[in-house]
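For reference, the structure is listed below as structure tokens.
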Amino acid sequence: MFFGLLPPWDWCGRIGSLMALVPVVSFSVLIYILWRAKRSRTTDSWYVMCHWQICAGRARIIAYVLLALVVAATLGWIGFTYFGMMEVAVYAMIGGVGVLPVMATVLVLIVMEQDIIHQAAQKKLPDSIIERFPNPGVRVLEEAEPVSPA
């Protein structure tokens with residue numbers, strides 16, 4: 001699809017319809033991640049299950065932040081439509097309360113994901129995940145206290 005071949009008044013309709021797919025795809029992916037993480041507790045190996053649980057935790061975080069964006073946008077629309085708020089104030093509220101936290105959260109989650117990819121390459125897991133989901137197939141040895149020389 002080349003937008004240069006279309007008349008300018010037709011660009012917005014096509015781009016707008018493509019932009020409407022972004023939230024649908026995003027929420028579909030989040031729902032799949034949460035479903036797959038729940039399923040992985042019974043079907044996958046312990047290591048793979050742990051990584052799905054990490055992914056599900058981060059999916060919950062972004063879902064809550066996106067929900068806050070939807071709430072801010074809805075309140076902004078209600079304020080503009082029914083309470084006569086200025087348009088600029090509504091945009092500022094939606095941007096400050098909704099969009100800015102989404103962008104900051106995505107940035108932090110990208111950095112965290114790079115760290116977990118690095119740990120996965122080294123075949124490591126965070127200690128919090130190991131404590132939360134202990135490996136049933138590994139025998140735990142108690143650490144012996146060091147013997148002091150006499």
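General remarks:
- Boolean, Arg60 is modelled with pLDDT of 95 or more and either surrounded by 12 or more Cβ atoms within 10 Å (Cβ to Cβ) or not in a helix (DSSP H, G or I) (or both): yes
- In the range 42-57, the residues that are part of a helix (DSSP H, G or I) and touching a Phe, Trp or Tyr at 6+ places or on another chain (Cβ under 8 Å): Trp46, Met49, Cys50, Gln53
The values are calculated or read from the model by the stated rules, or taken from the named source; none is laboratory data. This is a predicted model, so every value here is computed, not measured. Please note: Cβ atoms are built from the backbone with ideal geometry, for glycine as well, and neighbour counts cover all protein chains shown.
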